[in-house]
Amino acid sequence: MSKSTSGNYFEDFRVGQEFRHAVPRTITTGDVALYSALYGMRFSIQSSDAFAQSVGLDRAPLDNLLLFHVIFGKTVPDISLNAVANLGYSDCRILRQAYPGDSFTARSEIIGLRENSNGKTGIVYVRSTGYNQLGQEVLTFIRWVMVNKRHEAAPTPDAVVPQTPPSVAPQRLVVPEGIRFEDYDAAIAGSPYGFDDYRIGERVDHVDGMTIEEAEHQVATRLYQNTAKGHFDARLQRSSRFGRRIVYGGHIISLARSLSFNGLANAATVLAINSGRHVNPAAAGDTVYCWS
Amino acid sequence: MSKSTSGNYFEDFRVGQEFRHAVPRTITTGDVALYSALYGMRFSIQSSDAFAQSVGLDRAPLDNLLLFHVIFGKTVPDISLNAVANLGYSDCRILRQAYPGDSFTARSEIIGLRENSNGKTGIVYVRSTGYNQLGQEVLTFIRWVMVNKRHEAAPTPDAVVPQTPPSVAPQRLVVPEGIRFEDYDAAIAGSPYGFDDYRIGERVDHVDGMTIEEAEHQVATRLYQNTAKGHFDARLQRSSRFGRRIVYGGHIISLARSLSFNGLANAATVLAINSGRHVNPAAAGDTVYCWS
Amino acid sequence: MSKSTSGNYFEDFRVGQEFRHAVPRTITTGDVALYSALYGMRFSIQSSDAFAQSVGLDRAPLDNLLLFHVIFGKTVPDISLNAVANLGYSDCRILRQAYPGDSFTARSEIIGLRENSNGKTGIVYVRSTGYNQLGQEVLTFIRWVMVNKRHEAAPTPDAVVPQTPPSVAPQRLVVPEGIRFEDYDAAIAGSPYGFDDYRIGERVDHVDGMTIEEAEHQVATRLYQNTAKGHFDARLQRSSRFGRRIVYGGHIISLARSLSFNGLANAATVLAINSGRHVNPAAAGDTVYCWS
């Protein structure tokens, strides 16, 4: 029997099944530099040790989306190596601020399964949680992903579809320990607009666009140790339904977060992702724009 | 009114106007690694902690061009977001050696303005200065840049054109504190040629060439948090006068500095840029050669 | 006479000739991050400080192939700047585990020379050794490379062809100091298969493929300060026998090592490379697969 794996298929999952994912990972200032260069991140707290200290932190913390991508990446070989599509996220919360030098691991539990009516695929609902080197939870999220069946005839369990909250309730948000904004310097943070200036329903056009290159999304996705085949193997993908390599959805999220600086420069840190869906795939050559 | 910005236009500037630029930035060994990988930098003092210590420094300092690009990048959103072209530099001096872990900010003052005769654009002269986390000046330079007018009919101030020195006078150069060359090992630095071996008027062909890829100049320019639109948005640029993304001029400067190693390996550190002009734009696919 | 160099040609070498190579180099966590992102490396000991500590090391050591590429890169300007092809390696051994922050230098000795029958090229055999900042040997290897003659008529020495061992004898392997596997957690390392599970003659298909982009191999090769012309200058290469830029062979080795994770996840560290040959060149657009 082969010692390499082609990943789990839909019929391999059971509700309640737990995974301790490979691979443990230390995130360093090197990873941060690469993350900055891939997206042009400009939020002050994550960009400058001196600025982070001015708001009560020891030094610049990790961008929480970088943390998300690294934890997400660990879940791929067990959950979504052969995914048709990553459909959505929900209830993603940052539970503890992470710093360069911290080492992370991840665990997941299958919380729902539903076969699709075509009998060829099914949807896997999974709760994943990241831990630091002290075993403290740093991040948790639900995602659901469409996974192929290995054999169309394989029996599958009864459908279990979990409730996914449409948004994270404010009282469940965790504010980074020690952070305070008395000496926050909005001028060098890049915008005069604070919390009170935004209205519900307001639309902010973030104006700028970025064109994606193959080398960029491949480098990013490998940085997250995300091995999903669709992102790397142009030869294999020529016979896929997209006909080419598809960009990791999280790459688009980080591009959008970066572009959102122009209009939301004081959005100091991401505490949660209420929910999200990948409505269309992206590929190299596409140009990404963003509004909030 | 929109909370995002499309940048300043020529008629928005006034002589004497001052800017404290966003975004504060710590440069780490991660940024240094990326800088090395983008250009293949091989100067020994910046490449090796052990070598830097052999010439009296605590460890490998930042490449001064990396410092320049980061300070330059901060000035872009306020000064040159919609620049037609960055025309030239002058009187660029490194005032203090910077190290990985230092945090930088930047300020600028408008020192000259001159509308072009076509009434559509004007030239902005600006003096920019970078500071470290202790508020010490690390770098200063003048640049001039052609900026569009928002409205052709907008009134503009009388022309003020500053004197820009053709070169930096030797007595204004700042030698890095503590540096000494008694134990300098020219053999492992890569060349037997020292100061006395070069003659005024001598021409050194640096031989090698490097072909630029889109992903490379985009990654570099985002590393510097430089958001000028012309470098990233292929879709928008198709309707520009160049028809494609243009490489950040500083990327070419660093490529040339890197190529100059072959013939100038003992050019230990850049103390100043006398003056420089971007005479032609560069784009991905171009191959850069260099001579001194 | 020019102060830049176009490298040594076959007739410039002598058996017994020694080189102290430029450029000294500190490898940082920044270089490690970039290396991870270029190949998607997932071996636990090199990926996580916490995991490395669980097997008795102070923190995550350098991937030994990254160390190999950096030492190799230093030898290029003296040995193979104008190489037609890098033909093979032998007796490559890691002599001491290296860590981020260590500074490296390299030396080589010419151990063999043999002119080819066409009179235009010859094969150079060289033993290269890397040292850390304490002068301790960290890595040694033999390689042989086909080098052009500058002048076809140039006289060349008698052929000396060294014995290159087909494999490294087990008693010559150096196990990293302090490493112990009592608490090794195979589950999060990514595979249940240990030493006892593999049989001689067993074939492991590593399944996955990666497509190479120009920006990726160029960034990698410059990270190693490897300046061989064939990798960077598309314009020059159009008139070469390949007609395009050729990927540094070591880039393929690292891609293969990374892909081998799927089936060899517990291959904790590379102690030696028995021998290797580059049987065909690779170029951007190629997709790399691997089996063991």
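Only the coordinates and a few stated rules stand behind these numbers; no lab work does. Keep in mind it's a predicted model, so treat the numbers as computed, not measured. Reconstructed Cβ throughout: ideal geometry from the backbone, glycine too, with neighbour counts over all protein chains shown.
Which one of A:ARG59, A:ARG180, A:ARG14 has the biggest mean-square fluctuation once chain A is modelled by GNM with Cα springs under 10 Å?
Among A:ARG59, A:ARG180, A:ARG14, the largest GNM mean-square fluctuation belongs to A:ARG180.
Give me the number: length gained by fully extending C:ASN274 to C:ALA187, i.e. 0.36 nm times residue separation minus the C-alpha to C-alpha distance, one decimal in nm.
Using 0.36 nm per residue and subtracting the Cα-Cα distance, I get 28.4 nm.
Among A:SER44, A:SER108, A:ALA272, whose Cα projects farthest towards the positive end of the dipole of chain A, with charges put on the beta-carbon of Lys, Arg (+1) and Asp, Glu (-1)?
A:SER108
Once the Cα atoms of helix A:249-259 and of chain A are each reduced to a long axis, what angle between those two axes, in degrees from 0 to 90 to the nearest 10, is obtained?
20
Positive end of the dipole of chain B, charges at C-beta (+1 Lys, Arg; -1 Asp, Glu), about the Cα centre: which of B:ASN86, B:PHE261, B:THR28 has its Cα farthest in that direction?
The one lying farthest along the dipole's positive direction is B:ASN86.
Any chance you could give the angle, 0 to 90 degrees and rounded to 10, that helix A:29-39 forms with the longest Cα principal axis of chain A?
That works out to roughly 80 degrees.
When you take every Cα atom in the stretch A:39-96, what is the radius of gyration, and what is Dmax, the widest Cα pair distance, in Å?
Using the Cα atoms of the stretch A:39-96, the pair Rg, Dmax is 15.2, 45 Å.
Could you work out the relative contact order of the stretch B:129-249, using alpha carbon pairs under 8 angstrom and six or more residues apart, expressed as a whole percent?
Relative contact order here is 10 percent.
Running Debye on the protein assembly as shown with equal point scatterers at the Cα sites and no solvent, what base-10 log of I(q)/I(0) appears at q = 0.09, 0.11 Å⁻¹?
Here log10 of I(q) over I(0) equals -0.94, -1.40.
Taking the alpha carbon gyration tensor of the stretch A:113-159, what are the square roots of 5 times its eigenvalues, largest first, to the nearest whole Å?
Equivalent ellipsoid semi-axes, largest first: 31, 10, 8 Å.
Need one value for C:55-61: mean number of C-beta atoms belonging to other chains within 10 Å of its residues' C-beta atoms.
1
Which semi-axes, in whole Å and largest first, does the equivalent ellipsoid of the stretch C:223-267 have when worked out from the alpha carbon gyration tensor as the square roots of 5 times its eigenvalues?
So the equivalent ellipsoid measures 30, 11, 6 Å along its semi-axes.
Taking each residue of A:218-230 in turn, how many C-beta atoms of other protein chains fall within 10 Å of its C-beta, and what is the average?
If you average over the peptide's residues, the count of other-chain Cβ atoms is 5.
Given the Cα atoms of the stretch B:140-206, and with Rh set as the inverse mean 1/r over their pairs in the Kirkwood sense, what is Rg to Rh to two decimals?
Answer for the stretch B:140-206: 1.20.
Rank A:SER128, A:PHE13, A:TRP291 by how far each Cα sits towards the positive end of the charge dipole of chain A (+1 on Lys, Arg Cβ; -1 on Asp, Glu Cβ) and give me just the farthest.
Projecting each Cα onto the dipole axis, the largest value belongs to A:PHE13.
What is the P(r) of the stretch B:144-292, as percent of Cα-Cα pairs per 5 Å bin from 0?
Cα pair-distance distribution for the stretch B:144-292, in percent: 2, 7, 12, 15, 16, 15, 13, 9, 6, 3, 1, 1, 0.
Under a Cβ-only charge scheme (Lys and Arg +1, Asp and Glu -1), can you give me the dipole magnitude of the stretch C:136-267 about the Cα centre, in debye to the nearest 20?
Value, rounded to 20: 1040 debye.
Can you list residues whose amide H is under 5 Å from C:GLU115's amide H, if they're 5+ apart or on another chain and H is modeled 1.01 Å from N?
For C:GLU115, the qualifying residues are C:ILE123.
Counting only other chains, what is the mean number of Cβ atoms within 10 angstrom of the Cβ of each residue in peptide B:260-273?
Per residue, the number of nearby Cβ atoms from other chains is 2 on average.
Which of B:ALA22, B:ALA187, B:ALA33 moves most in a GNM of chain B, Cα contacts under 10 Å?
Sorting by GNM fluctuation, first place goes to B:ALA187.
Report the calculated FRET efficiency for C:GLN17 and B:ARG180 (r = Cβ-Cβ distance, R0 = 25 Å), to the nearest 0.05.
0.15
Please work out, to two decimal places, the log10 of the ratio I(q)/I(0) at q = 0.28, 0.35 Å⁻¹ from a Debye calculation in which every Cα of the stretch A:90-129 carries one identical scatterer.
Here the Debye-derived log intensity ratios amount to -1.03, -1.16.
How large is the convex hull of the C-alpha atoms of the stretch C:197-274 per residue, in Å³?
141
State to the nearest 20 debye the size of the charge dipole of the stretch C:214-292 about its Cα centre, where the only charges are +1 on K and R beta carbons and -1 on D and E beta carbons. Before the final figure, lay out the partial values.
Working: 9 positive and 4 negative charges, 66 e Å.
Taking the Cα centre of the stretch C:214-292 as origin, the dipole is about 320 debye.
Provide the per-residue ³J(HN,Hα) series for the stretch B:223-230, in order, calculated from phi with Karplus coefficients 6.51, -1.76, 1.60 and θ = phi - 60°, each as a whole number of Hz, with x at glycine and proline positions.
4, 7, 6, 8, 10, 3, 4, x
Based on the Cα coordinates of the stretch A:195-240, what is the per residue volume of their convex hull in Å³?
167
Once you have the Cα-Cα distance between A:GLN53 and A:ASN82, take 0.36 nm times their residue separation minus that, and quote the gain in nm to one decimal.
6.1 nm
What Kirkwood hydrodynamic radius, in Å, does chain B give when the mean of 1/r is taken over all pairs of distinct Cα atoms and then inverted?
Value: 20.1 Å, from the Cα pair sum.
So how many Å³ per residue does the convex hull of the Cα atoms of the stretch B:1-156 work out to?
131
For chain C, what does the relative contact order come out to in percent, with C-alpha contacts under 8 Å and a separation of six or more?
That works out to 25 percent.
Only Cα pairs within less than 10 Å get springs; with that Gaussian network setup on chain B, which residue of B:PHE43, B:PHE141, B:PHE242 has the largest fluctuation?
Looking only at B:PHE43, B:PHE141, B:PHE242, the biggest GNM fluctuation is shown by B:PHE242.
Please sort C:171-178, A:5-12, B:254-261 by packing, taking for each peptide the average over its residues of neighbouring beta carbons within 10 angstrom, highest first.
My ranking of the peptides, most packed first, is B:254-261, A:5-12, C:171-178.
Set the Förster radius R0 to 22 Å, insert the Cβ-Cβ distance between C:LEU236 and B:SER292 as r into 1/(1 + (r/R0)^6), and round the FRET efficiency to 0.05.
0.65
For chain B, with only Lys/Arg (+1) and Asp/Glu (-1) charged at the beta-carbon, what is the dipole magnitude about the Cα centre, in debye rounded to 20?
Computed charge dipole of chain B: roughly 1140 debye.
In terms of Cα to Cα distance under 17 Å, which lysines are near enough to C:LYS149, apart from those fewer than 8 places away along the same chain?
C:LYS120, C:LYS229
Which chymotrypsin sites (Phe, Trp or Tyr not before Pro) in the stretch C:163-236 pass both tests, a DSSP loop state and at most 15 other beta-carbon atoms within 10 Å?
Hits after loop and neighbour filter: C:PHE181.
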